[in-house]
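Since the structure comes first, as structure tokens, the remarks are kept for the end.
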Amino acid sequence: MQSPLLDHAALTGTERYSLQNPQMLRVVLDGGPADVLARSGAMVAHTGRVQFTGWTPPGRRNRANVAPTELDLMRCSGTGTVYLANLAQHLHILELRRDRLTVNSTYVLAMDTTITWQVVGIEGGERIAGVGTRSLELTGSGRLVLMTSGQPLVMRVEPGRYVYADADAVVGWSSGLEVQLQAQSSNTEAWRRRGTATEGWEMAFTGSGFVLVQPSELLAPQRVPVR
């Protein structure tokens, strides 16, 4: 058989995290103690002897104690190669070096077990479901893989200058930034369910750091309920 389709063969190499293509993550497991945490249901293929088991964060007695705003993760262990993807979203590998990064948990695909998180609140986020209720501050050292619907925009934030972004398009930001949620319009439509107004809610950032924005408003990945 001949076809350009057959040019998309599996890559080779021993790098722990790499992109098979912009929308598929390739993870190499060597059987060591350092497992990989991945969003439940994100495995699309694998080779070797790999086990996928449910994972409960430290400090939680069982998976029932994990808030729905956190991460539904599985542990990938063993020896082999795992391919992860979710709704053909674009993937981005970040390396944290004792950094603090706040992200919307909706857009986390995978991470090292050395990264930890805590739920953080956003001023005004309690007014509307989904905004500010899935924000996690990630800390530690290790690799993190984020998903975006399309290629993202990175907006630099400088002291004394505000940067604004649609709340439904924000993926993450530097944890040191000050963040507020506010209506984009005084029109009463802004208080309705998101997506029904001309423009609904925006997040205002100030300080020193960056904001990661995707070119799509709230395309929820698989297994994340839309409220």
* Starting from residues that are exposed (fewer than 13 other Cβ atoms within 10 Å of the Cβ) and at pLDDT 75 or above, keep the ones in the stretch 119-151 and report whichever is farthest from Val213 (Cα to Cα). => Ser141
* Structure fact -> Counted residues in the stretch 152-182 being of a type in the set (Val, Ile, Thr) and open to solvent by 10 Å² or more (accessible area, probe 1.4 Å) come to 2
* To do: Output the residues belonging to the stretch 33-53 that are open to solvent by 60 Å² or more (accessible area, probe 1.4 Å) and without any contact (Cβ under 8 Å) to a residue 40 or more places away in the chain.
  => Pro33, His46, Thr47, Arg49, Gln51, Phe52, Thr53
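Quick one: in the stretch 67-106, of everything that is small (Gly, Ala, Ser) and not in a strand (DSSP E or B), which residue is farthest from the chain's Cα centre (by Cα)? Before you say what the answer is, go through the steps one by one.
Quick first cut of the stretch 67-106, residues small (Gly, Ala, Ser) only: 67, 77-78, 80, 85, 88, 105.
Subset that is not in a strand (DSSP E or B): 67, 85, 88, 105.
On the way: Ala67: 16, Ala85: 12, Ala88: 14, Ser105: 5 Å.
The residue in question is Ala67.
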* **Pairs with Cβ under 8 Å, 6+ apart, first in the stretch 204-216 and within 9 Å of Arg161 (Cα to Cα) and among the aromatic types (Phe, Trp, Tyr), second open to solvent by 20 Å² or more (accessible area, probe 1.4 Å) and assigned to a loop (DSSP other than H, G, I, E, B)** => Phe205/Tyr162
* To do: Could you please give the count of residues in the stretch 78-113 that are out of contact with any Phe, Trp or Tyr (no Cβ under 9 Å at 6 or more places or on another chain), of a type in the set (Ser, Thr, Tyr) and open to solvent by less than 10 Å² (accessible area, probe 1.4 Å)?
  => 2
* Across the stretch 1-32, what is the total count of residues that are within 18 Å of Thr79 (Cα to Cα), without any contact (Cβ under 8 Å) to a residue 12 or more places away in the chain and among the acidic types (Asp, Glu)? -> 0
* To do: Return only the number of the condition from (1) of a type in the set (Ser, Thr, Tyr); (2) at pLDDT 95 or above; (3) open to solvent by 20 Å² or more (accessible area, probe 1.4 Å); (4) under 27 Å from Ser149 (Cβ atoms) that Thr69 does not satisfy.
  => (2)
* **Residue check, Arg223 closer than 30 Å to Asp35 by Cβ, modelled with pLDDT under 65 and charged (D, E, K, R)** => yes
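The values are calculated or read from the model by the stated rules, or taken from the named source; none is laboratory data. All values reported here derive from a predicted model rather than from experimental measurement. Backbone-built Cβ (ideal geometry, glycine too); neighbour counts: all protein chains shown. Protein only, heavy atoms only, side chains kept; ligands, DNA and RNA dropped before computing areas. Shrake-Rupley method; radii C 1.70, N 1.55, O 1.52, S 1.80 Å.
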